[in-house]
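Trainee: My questions will all concern the structure given below.
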Amino acid sequence: MSRRITLDEFINNEGESRQDATGEFSGLLRHIGIAAKIINRIVNKAGLMDILGEDGGHNFSGDTVQKLDTYTNDLMIEYLRNSHLCAGVASEELEHFISFAPNYTKSNKYIVVMDPLDGSSNIDVNISVGTIFGIYKRKSDLGTDAVIDDFLQNGTELLASGYVLYGTSTMFVFTTGNGVNGFTYDRGIGEFCLSHANMMMPLGGSYYSVNQGYYRQFNKGVREFLDGCADKNRMLRYIGSMVADVHRTLCLGGIFMYPQTQKNPEGKLRILYECNPLSFLVEQAGGISISESKQRILGIPVTSLHQRTSIIVGSKDLVNEALNFL
Ligand code: AHM
Ligand code: MG
């Protein structure tokens with residue numbers, strides 16, 4: 001029987017192979033891994049605790065906030081703060097970024113962006129949700145408060161990104177710009193173990209993924225591309241959790257899109273918390289990620305924390321086919 005490589009071991013080995021490594025970056029990734037285990041435990045037994053349902057409020061974007069959104073957001077922030085490796089965090093759930101107090105930050109080089117629980121409208125019905133994160137090097141001086149420019153960085157500046165998918169099994173998938181690796185949670189030993197080494201997205205695929213209910217609101221080119229998918233008998237799959245829809249696309253190939261609609265003329269999904277981290281992973285796995293205006297997602301200038309974009313992401317062949325219609 002072959003020996004399992006744990007996430008910790010993998011992160012350590014990767015860190016040691018980098019010449020300038022101080023272990024801090026690896027340490028930060030490990031803290032995110034620990035927070036993921038705790039979130040996994042809560043998500044798994046959510047029905048047994050008083051933690052399902054809406055928490056009664058809306059966030060500043062007008063989205064309904066679920067109790068688990070709040071719980072995962074607070075938990076991630078506490079783990080990042082107490083890692084003493086992170087200068088600040090920006091979250092989809094918070095209007096403003098948080099700069100950790102100087103006694104926590106000392107010489108912290110990194111900042112984190114996150115969607116603590118993506119797809120949270122699916123929680124109450126036991127459908128996959130996930131945590132998405134991205135790590136950047138801060139722009140501001142060490143030992144000072146994190147500032148807005150630390151967070152408004154293009155996706156091309158990402159040092160690492162990843163997601164944790166709480167699905168039929170729980171997976172931690174991440175990249176540090178050196179390929180994509182996936183780890184499956186082994187409950188028995190309480191560790192994420194390498195199960196999907198060097199993930200590569202197939203060049204093509206037969207699945208397309210979009211909220212077809214908005215078809216009439218899409219631009220003409222998008223509608224024509226979708227008509228072509230139906231003509232070709234491609235299979236429509238839409239979970240409504242971006243992290244799960246992108247994971248399927250990463251594993252099996254195909255295309256996922258959230259185009260502009262009349263309700264969300266810029267697109268719905270956030271560049272900083274959802275699109276950039278997942279686009280970095282997809283590109284690392286050989287796929288493409290663009291906006292409806294044909295811009296590489298990672299290259300879009302980020303000018304505000306909650307900036308949105310349309311997104312078309314997936315296998316090279318399918319995204320290139322879609323490009324012809326845009
Ligand atoms: P959330 O971060 O508040 O959960 O919203 C993002 C989610 C994505 O996971 C998913 O792709 C999309 O919203 C679904 O939106 P819609 O219900 O409009 O299809
Ligand atoms: Mg989300």
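Trainee: Starting from the range 242-266, take each residue that is part of a helix (DSSP H, G or I) and list its partners that are of a type in the set (A, V, I, L, M, F, W, C) and within 9 Å of ligand 1 (Cβ to nearest atom), counting only C-beta distances under 7 angstrom and pairs at least six apart or across chains.
Mentor: Matching pairs, first to second residue: MET242/LEU269; VAL243/ILE132; ASP245/ILE239; ASP245/PHE256; VAL246/PHE256; THR249/PHE256.
Trainee: Here is a follow-up. Can we say THR184 is of a type in the set (S, T, N, Q) and either surrounded by 23 or more Cβ atoms within 10 Å (Cβ to Cβ) or farther than 25 Å from PHE97 by Cβ (or both)?
Mentor: Details: of a type in the set (S, T, N, Q): yes; either surrounded by 23 or more Cβ atoms within 10 Å (Cβ to Cβ) or farther than 25 Å from PHE97 by Cβ (or both): yes.
Criteria met by THR184.
Trainee: Do we have ILE311 as under 26 Å from TYR136 (Cα atoms), away from ligand 1 (no atom under 14 Å from the Cβ) and crowded, with 23+ Cβ neighbours inside 10 Å here?
Mentor: Numbers: under 26 Å from TYR136 (Cα atoms): yes; away from ligand 1 (no atom under 14 Å from the Cβ): no; crowded, with 23+ Cβ neighbours inside 10 Å: yes.
No, not satisfied.
Trainee: Now, a different point. Can you tell me how many residues in the range 267-297 are of a type outside the set (Lys, Arg), at negative phi and not in a helix (DSSP H, G or I)? Full working, then the answer.
Mentor: Taking the range 267-297 and keeping what is of a type outside the set (Lys, Arg), we get 267, 269, 271-293, 295, 297.
Next, from what is left, pick out any that are at negative phi: 269, 271-285, 287-293, 295, 297.
Keeping just the survivors that are not in a helix (DSSP H, G or I) gives 269, 285, 287-293, 295.
Result for the range 267-297: 10.
Trainee: Can you list the strands (runs of 3 or more DSSP E) lying wholly within the range 68-152 that have 3 or more residues being over 16 Å from the mean Cα position of the chain (by Cα) and away from ligand 2 (no atom under 15 Å from the Cβ)? Explain how you work it out, then say what you get.
Mentor: Working: elements: 86-91, 110-118, 129-137.
The strands (runs of 3 or more DSSP E) meeting that bar are 86-91.
Trainee: Kindly list the number of the only condition in (1) over 15 Å from the mean Cα position of the chain (by Cα); (2) of a type in the set (S, T, N, Q); (3) in a strand (DSSP E or B) that fails for SER304.
Mentor: Of the numbered conditions (1) over 15 Å from the mean Cα position of the chain (by Cα); (2) of a type in the set (S, T, N, Q); (3) in a strand (DSSP E or B), the odd one out for SER304 is (3).
Trainee: Going by the structure shown, is MET235 within 11 Å of ligand 1 (Cβ to nearest atom) and touching a Phe, Trp or Tyr at 6+ places or on another chain (Cβ under 9 Å)?
Mentor: Values: within 11 Å of ligand 1 (Cβ to nearest atom): no; touching a Phe, Trp or Tyr at 6+ places or on another chain (Cβ under 9 Å): yes.
For MET235, the condition - within 11 Å of ligand 1 (Cβ to nearest atom) and touching a Phe, Trp or Tyr at 6+ places or on another chain (Cβ under 9 Å) - is not met.
Trainee: Are any of the residues in the range 289-302 surrounded by 22 or more Cβ atoms within 10 Å (Cβ to Cβ) and more than 16 Å from ligand 1 (Cβ to nearest atom)?
Mentor: Checking the range 289-302: at least one residue is surrounded by 22 or more Cβ atoms within 10 Å (Cβ to Cβ) and more than 16 Å from ligand 1 (Cβ to nearest atom).
Trainee: Of the residues in the range 184-214, how many are more than 27 Å from LYS268 (Cα to Cα) and of a type outside the set (A, V, I, L, M)?
Mentor: So the count comes out to 12.
Trainee: Now, a different point. Could you say which residue among THR261, THR249 is of a type in the set (S, T, N, Q), under 18 Å from the mean Cα position of the chain (by Cα) and within 13 Å of ligand 1 (Cβ to nearest atom)? So that I can check it myself, show each step before the final result.
Mentor: Numbers: THR261 fails: under 18 Å from the mean Cα position of the chain (by Cα).
Criteria check complete, one pass: THR249.
Trainee: Could you pull out the residue among ILE127, ILE148, ILE132 that is among the hydrophobic types (A, V, I, L, M, F, W, C) and surrounded by 22 or more Cβ atoms within 10 Å (Cβ to Cβ)? It would help to see each step written out before you state the result.
Mentor: Numbers: ILE127 fails: surrounded by 22 or more Cβ atoms within 10 Å (Cβ to Cβ); ILE148 fails: surrounded by 22 or more Cβ atoms within 10 Å (Cβ to Cβ).
None of the others qualify; the one that does is ILE132.
Trainee: Just name the residue that is nearest to ligand 1 (Cβ to nearest atom) out of those in the range 217-232 that are closer than 15 Å to SER310 by Cα and in a loop (DSSP other than H, G, I, E, B).
Mentor: So, considering only residues that are closer than 15 Å to SER310 by Cα and in a loop (DSSP other than H, G, I, E, B), the one nearest to ligand 1 (Cβ to nearest atom) is PHE218.
Trainee: Regarding the range 80-90, can at least one residue be identified that is open to solvent by 10 Å² or more (accessible area, probe 1.4 Å), at positive phi and touching a residue at least 40 places away in the same chain (Cβ under 8 Å)?
Mentor: no
The values are calculated or read from the model by the stated rules, or taken from the named source; none is laboratory data. Keep in mind it's a predicted model, so treat the numbers as computed, not measured. Neighbour counts run over all protein chains shown; Cβ positions are idealised from the backbone, glycine included. Please note that ligands, DNA and RNA were not included when accessible areas were found on the heavy atoms of the full protein model with its side chains. Shrake-Rupley method; radii C 1.70, N 1.55, O 1.52, S 1.80 Å.
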